[in-house]
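Comments concern the structure below.
The values are calculated or read from the model by the stated rules, or taken from the named source; none is laboratory data. All of these numbers come straight from a predicted model, not from anything done at the bench. Please note: Cβ atoms are built from the backbone with ideal geometry, for glycine as well, and neighbour counts cover all protein chains shown.
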Amino acid sequence: MKGILYLSEIGAIVLDEKFEVVSTWKYPEDVKVENYERLRRGELPLEFKEILSNSMNNLDALVIVEDELRKELGREGFKVEEPPSNLMDELRSRKIELMIKSGLASSEDDARDKIRNFAITLSEIKLREVSAKPDLHVIEAIQALDEVDKTLNILAARVKEWYGLHFPELSSLIDDPLMYSKFVKEFGERKNIREEELAKFGFSLKKAEAVSISAEKSKGGDLREEDLRRILAIAEEVIKMDSLRDKLSGYVERNMRTIAPNTTSIVGATIGARLMAKAGGLEKLAMLPASTIQVLGAEKALFRALRTGTRPPKHGIIFQHPAVHSAPKWQRGKIARSLATKIAIAARIDAFRGSAEKEVEQKLQKRLEEIKVKYSEPPREEKRVKKLKRVKRIGKKK
């Protein structure tokens, strides 16, 4: 006679072919969920093995639904068999009845309460496990970095516009938004600008002289004290946000080199993290085909192409990679395809093996060189189109 091992939420039940209870092992009260999960993974407590051994005295074999548990019991010397296709549905339909028969629950309401409490506890544990994954923290960090970048650019532009009412000539002398904000924070009103102080600020003598002369001859209006305070406050926020951006960037870089060393070596920490964020995690990125990775981030363009019949996009986020955006247009599609293929391989190694392997990066570099040599000239069709455009321009000039 064959037996059936059924793992319920409260304990393990051994049944005969008529679904009568042979023996029961109730999970310890404080670790019900942990014991259930361990058994599913094939981890066998000593007490459970003893109960199972005694149950096998009257059974020829044991039918087990859980694959890992079945394999482990087989290795331990138990005679085990795979379940028929309809067994799991039968066990689910009889779950409450079996829990009451085996003594794991006193009544139908008690069984339902225990199943509900078990489900809540299991969900909480799974949620904690998922939330603790380091790749999810990197995703949050890269999204925060992008938001900080956006806010920083908006505030820096606002400082330039507002302070420009007072000293409009400065915007042509200082291009860097951060340096501009630091200048505003350091000097405030233009009457405080002195050539010797500018040299201390890091300007060359020639630039310091130009700024000083521009400040003296500026056509900008005067600032009220209240206006200046507000401008200085925004400039200070720009400086603080730049420091925050550096810290977030360093955090992403460090963690990506630990979590996804191969992906990072191929595309860099920032692009790798953005790809992970778009996919929903490292494992999800590893599951994607190279063709999907190639256009991640270009979903709008892809759907527009599918809807209208126009050409689909050749690249998404990976366009930010220097090998793609610095390449001639006729090479970009091929480079993006090769890059996406290597990203897919690297992500799988990172997700399922975790070791850094330089071979992937070396093969990518070799392939990129092949593309540059083989497709050094644009295709003939593109040459013809360019020639036609040039002829049209000449015709218009005439």
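Here Leu104 does not qualify as part of a helix (DSSP H, G or I) and surrounded by 15 or more Cβ atoms within 10 Å (Cβ to Cβ). Is it the case, given these coordinates, that Thr151 is within 30 Å of Pro134 (Cα to Cα), surrounded by 15 or more Cβ atoms within 10 Å (Cβ to Cβ), in contact with a Lys or Arg (Cβ under 7 Å, 6 or more places away or on another chain) and of a type outside the set (A, V, I, L, M, F, W, C)? Judged against the criteria, Thr151 is not a match. Taken together, Lys32, Lys26 contain a single residue that is at pLDDT 85 or above and over 23 Å from Glu82 (Cα atoms), which is Lys26.
Ile371 falls short of the stated requirement of being under 24 Å from Met276 (Cβ atoms), touching a helix residue (DSSP H, G or I) at 6+ places or on another chain (Cβ under 9 Å) and not charged (D, E, K, R).
When Lys206 is tested against (1) buried (at least 16 other Cβ atoms within 10 Å of the Cβ); (2) over 38 Å from the mean Cα position of the chain (by Cα), just one condition goes unmet, and that condition is (1). Scanning the range 298-326 for residues that are touching a helix residue (DSSP H, G or I) at 6+ places or on another chain (Cβ under 6 Å) and touching a residue at least 12 places away in the same chain (Cβ under 8 Å) yields Pro312, Pro313, Lys314, His315, Ile317, Ile318, Phe319, Gln320, His321, Ala323, Val324. The residues of the range 6-40 include none that are free of Cβ contacts under 8 Å to residues at least 24 places away in the same chain and of a type in the set (Gly, Ala, Ser).
Out of everything in the range 116-158 that is basic (Lys, Arg) and part of a helix (DSSP H, G or I), what residue ends up being nearest to Tyr180 (Cα to Cα)? Taking the candidates together, the pick is Arg158. Restricting attention to the range 278-321 and to residues that are among the β-branched types (Val, Ile, Thr) and more than 30 Å from Asn255 (Cα to Cα), the residue that is modelled with the highest pLDDT turns out to be Thr308.
Per-residue answers, yes or no, for (1) buried (at least 18 other Cβ atoms within 10 Å of the Cβ); (2) under 30 Å from Arg380 (Cα atoms):
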{"position": "Arg274", "(1), (2)": "yes, no"}
{"position": "Glu283", "(1), (2)": "no, no"}
{"position": "Pro289", "(1), (2)": "no, no"}
{"position": "Ile318", "(1), (2)": "yes, yes"}
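Of all the numbered requirements in (1) farther than 30 Å from Pro134 by Cα; (2) in the same structural domain as His325 (by the TED database), Leu285 misses one, and that requirement is (1).
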